[in-house]
Amino acid sequence: MSLRNRELVSLLAAGLIVTLGFASVYLAQQSTISRGSISYIAVFLGLYLIAHIVTRVQLPYADPYLLPLAALLTGIGVTLIYRINPDQALRQGAWVAVGLVLFVAAIILMRDYRKLEGIKYTLGVAAVILLVLPAVPGIGRTINGATLWVDLGPFVFQPGELAKVLIVVFLASYLRDRRDVLKGAHWYSLPPIRHLGPLIVVWGAAIVVLILTNDLGGGLLYFSVFVAMLYIATGRLLYVVGGLALFAAGALAVYRVTPHVADRVAIWLDPWSDPNGAGYQLVQSIYAISSGGLFGSGLGRGALFTPDGSTYIPFLETDFIYSALVQELGLAGGAALVLLYVLFVYRGFRVAMLAQDGFSKLLIGGLTSTFAIQAFLILGGVTGLIPLTGITLPFVSYGGSSVVANLLILGLALSVSDRANRRMLGAPDRGLAPLGAPAR
Amino acid sequence: MNRELRRLFLVFALLFTALVSMGTYWLWRAPSLEARQGNPTQVVRDVTTKRGLIYASDGETILARNRGREVSGRRWFLRRYPTRDLVAHVVGYATLERSRTGLEDSMNDFLTGGNSDLSTVIERARARFQGDVREGNDLVLTIDAEAQAKAMEVLEGMCGSIVVLEPSTGRVLVMASSPSYDPNLVARRFDEVLGQRAACDPAAPLLNRATQGLYAPGSTFKLVTAAAALDTGLHTPQSMFFDPGYCTEYGQRVFNYSDQSGPERFGQVTLGEAVEHSINAVFCDLGQDLGTDTVLEYARRFGFYEKPPLETPEGERVASGLYEGDKLFEPELESDVDVGRLAFGQERLLATPLQMAMVAAAIANGGESMRPFVVDRILKPDDSVLSGTKPERLRTAVAPDTAAELTAMMELVTESGTGRRAQIPGVRVAGKTGTAETGRNDRNDTWFVGFAPANNPEVAIAVTISDQSGTGGAVAAPKAKEVMEVLLR
């Protein structure tokens, strides 16, 4: 079977699963959900079929499983959001559409994604501006203690989600350039300070952003990604250990400045010390997860709502969507979702490993790490494995910026994959400069 | 770089495995988490069950029903109490927000159909397979709605309680506690319930004063002392006593109290006359004559020193007896207790209105104390009877002769003694008043306990009104009369 036919079959399988999920939510909730809402699923699947046609024409050699996995994850997300709040499911569907438009645009416009290397400093500066944007008075918006949103009248978005992509692009090209210097001759040798300087600036920026926006999850994510990419580029554990130690030092300093962080850690250590106050979210999340049993209550049948119609867990459709999933689909459903993330991350790393140039490897390795770390931070947070940080579950949580950014990442990954596989199979490139030649 | 990528992937795979392990851990912990307060799982299971209704004794007046409501596609049943504050303390409440009290708590298994009777188990399985809403069993109480309403009316604005029992069976016909509260407000407007004010401080509207309110029984306890005197055979109603207006205990004079009727000093009186006029000095001497052990033994026979049996939650009932601080006190030596003052219901003696009603009921029932009950029968969802409560003898308090002699004395109390205001035209009423000093600003706990008709008792009553400046005969007796009249009509 050709790669694209494999993609189509997998996509149809994903579509079938999501349709079944949607139907069971509808059956359980038909007294409160309008019949028209079931048509959302048709629109949703149609969008992914269009995306498939674009990859068939533009990227015939790209990895065939990443798009169906993304479709399944977003589909699970929309189904759960539909179960929690049908109106939001429609809005999420619209964001998926926007994301897929960007996905297509990324594939067509960035045929030669390596051009991104040439504008790395522009992108780096743009990323910092995007990160600081929510702290600008007037347009910035603070929700639940974290200053992460920009309010542009008709819609609110999280610039950090896009900044995340730009930072990885910047780091990939920067680390590709300085790779040999950073590697050093011995395990203990440190590179000259002028090469280390920009990296320390990035570290400092992450800490500053963390303080400015009060976003522990974001800070942790950026820094972990940075360390992961440094490791991919150099293979040196010294950087990993040193990087983590630096972050711990930075976090400890922040811990002194903002009580927010100290609270989070205290709740993680003992959620039941204040089950109706600070620990409420986590305690309720644990109740939801534990009561799901092996197979859950069934979609649409869990105990998620209080009699006045609000959810027991605040931010159920964003940060805590996994808790809702485990309650209604059980440990089996939760493990299946985690497995989907593992598969997605596996395909992502496979693309990076098959890529032939350092920039591509670092870019896709970095983006996939971002994806994996983000999923781990929030899943670990809501299950009590690590301190809870407010961050979205990639593709699944309600939130436009996150879905759009992740679909953009998918577009980049497929472009890289297509190029790598063409080289491997000796097929002609998409009218690009041959590899090995300078990109600019 | 591929080596690094491969290793990094392994790290992520390990981290994700840890996530699944964490989920498994919580699944393993689930049984211990389920019972925790605030876990919605159990609550939602309860609230999606159609709880049984609660009826008054007529089988028609609904005390608790359900209001269905759609919440995210499921039918939820929220409790409504149409009679509001009428029987609030006995029925209690079942809400999501503050768990449960009263019969709503103690009978929860029946009300949610979670009990293990065979027919209920079958019904539950059927409902589950057919996807029907689980329905609970209904309760029919022994409470007489009309008399209960009268009791609440006469208690209006006061702090106290009225309990009426059917002496021959132990059925609780009235159990009123004032101030009461509207259980419909508990879920959303609990502040209003707690903020309620009353003639006493604290108002404690949630307290079931009938079974949790401890009051000094005062002269009503003379019934127990007199029962001891007669039943032991040491005295007869005609035994003569001398009342100098006081009695001497440990070299100190204990004076008669103003709630006695007649002169301050009676001189030579019979035991019967001492009961009729509630003469403290006589009972003080009688107590010293009988001794602490005998008096307390008879108190125990009437039910003191144990929580009165009833279907309401155990935590909502307290035992009567001597109290040291907030604990029941078992005297070891005679000298531990000032027996003269104990004999007329002072000392550290405290009793609940239900306990004193049980004293009256036992005397009315020829000395046999019946187990009080408030749930008459339990009905299946199809209205057939699942189980009915059979009257049960608790124990023999006194011999029939003693009961008859006490009844005769108590009739004199309402005829010509301190309880005249409890008289009901055409009915022979037996009673005993009480006015207990509380030591707080000249405020008294006032009592009337009794039964009627004296020759063929149908109702036994205890009325307690706290924080009064008047006497039991003036405050409590007329209220007892009004409530008994409704029941005897």
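Taking label points 7 Å from Cα along the Cα-to-Cβ direction, B:S416 and A:V241 give a separation of 10.6 nm. Could you pull out the pairs from B:K307/B:K479; B:K327/B:K390; B:K150/B:K380; B:K222/B:K479; A:K120/A:K361; A:K164/A:K361 whose alpha carbons sit more than 24 Å apart here? Cα-Cα > 24 Å for B:K307/B:K479; B:K327/B:K390; B:K150/B:K380; rest within.
Taking all Cα pairs closer than 8 Å and separated by 6 or more residues, the relative contact order of chain B comes to 16 percent. Per-residue packing, averaged as other Cβ atoms within 10 Å, sorts the ranges B:413-421, B:228-236, A:369-377 into the order A:369-377, B:413-421, B:228-236, beginning with the highest. Counted by Cβ distance under 11 Å from A:Q356, the other residues give a net charge of +3, where Lys and Arg count +1 and Asp and Glu count -1. For the peptides A:273-280, A:4-11, A:389-396, B:422-429, residues were scored by their other Cβ atoms within 10 Å and the scores averaged per peptide; the highest-first order is A:389-396, A:4-11, B:422-429, A:273-280.
For chain A, what are the DSSP H helices with axial Cα length of 20 Å or more and mean Kyte-Doolittle hydropathy of at least 1.0? Span-like helices here: A:3-29, A:40-58, A:66-84, A:86-109, A:193-213, A:216-234, A:237-257, A:321-354, A:358-383.
Compared with the rule-of-thumb size 2.2 N^0.38 Å for a compact globular protein, the protein assembly as shown has a Cα radius of gyration ratio of 1.34.
Going from the residue with the fewest nearby Cβ atoms within 10 Å to the one with the most, B:F448, A:F223 rank A:F223, B:F448.
Around A:Q374, with a cut-off of 12 angstrom between Cβ atoms, what is the net charge of the other residues, counting Lys and Arg +1 and Asp and Glu -1? Counting the neighbours of A:Q374, the net charge comes to -1.
Computed from the C-beta positions of A:V201 and A:I53, the FRET efficiency with R₀ = 35 Å rounds to 0.20.
Using the Cβ-Cβ distance between B:L194 and A:L339 with R0 = 60 Å, the FRET efficiency computed as 1/(1 + (r/R0)^6) comes to roughly 0.70. With a 10 Å cut-off around each Cβ of A:281-291, the average count of Cβ atoms from other chains is 6.
Plugging the Kirkwood radius over Cα pairs into Stokes-Einstein for segment A:373-420, at a temperature of 37 °C and a viscosity of 0.692 mPa s, what D comes out in µm²/s? Estimated diffusion coefficient is 275 µm²/s. Modelled spin labels at B:T438 and A:L109, positioned 7 Å past Cα toward Cβ, are 8.1 nm from each other.
Shown for chain B: no cysteine residue is without a partner Cβ closer than 4.7 Å.
Taking a point 7 Å from the Cα of B:R80 along the Cα-to-Cβ direction, the residues of segment B:169-206 with backbone N closer than 18 Å to it are B:182-189.
Fewest neighbouring Cβ atoms within 10 Å first, the residues A:Y82, B:Y305 line up as B:Y305, A:Y82.
By the count of neighbouring beta-carbon atoms within 10 Å, fewest first, A:S297, A:S360 end up ordered A:S297, A:S360. Along each principal axis, taking the top coordinate minus the bottom one, the Cα set of chain A gives 64, 57, 43 Å in descending order.
What the Cβ-Cβ distance of B:E249 and B:R395 gives, at R0 = 35 Å and to the nearest 0.05, is a FRET efficiency of 0.65.
Note on segment A:69-197: Cα Rg divided by 2.2 N^0.38 Å, N the number of residues, gives 1.39. Other residues lying with their Cβ under 12 Å from the Cβ of A:D63 contribute a combined charge of +3, Lys and Arg counting +1, Asp and Glu -1. Shown here are the Rg and Dmax of the Cα trace of chain B, at 27.4, 115 Å.
Label separation (A:I119 vs B:E324): 8.9 nm, computed from points 7 Å beyond Cα along the C-beta direction.
Read-outs: derived from the displayed coordinates by stated rules, not from any lab. Being a predicted model, the structure only gives us computed values, none of them experimental. Every residue, glycine as well, gets a Cβ built from its backbone with ideal geometry; the counts of neighbours run over all protein chains shown.
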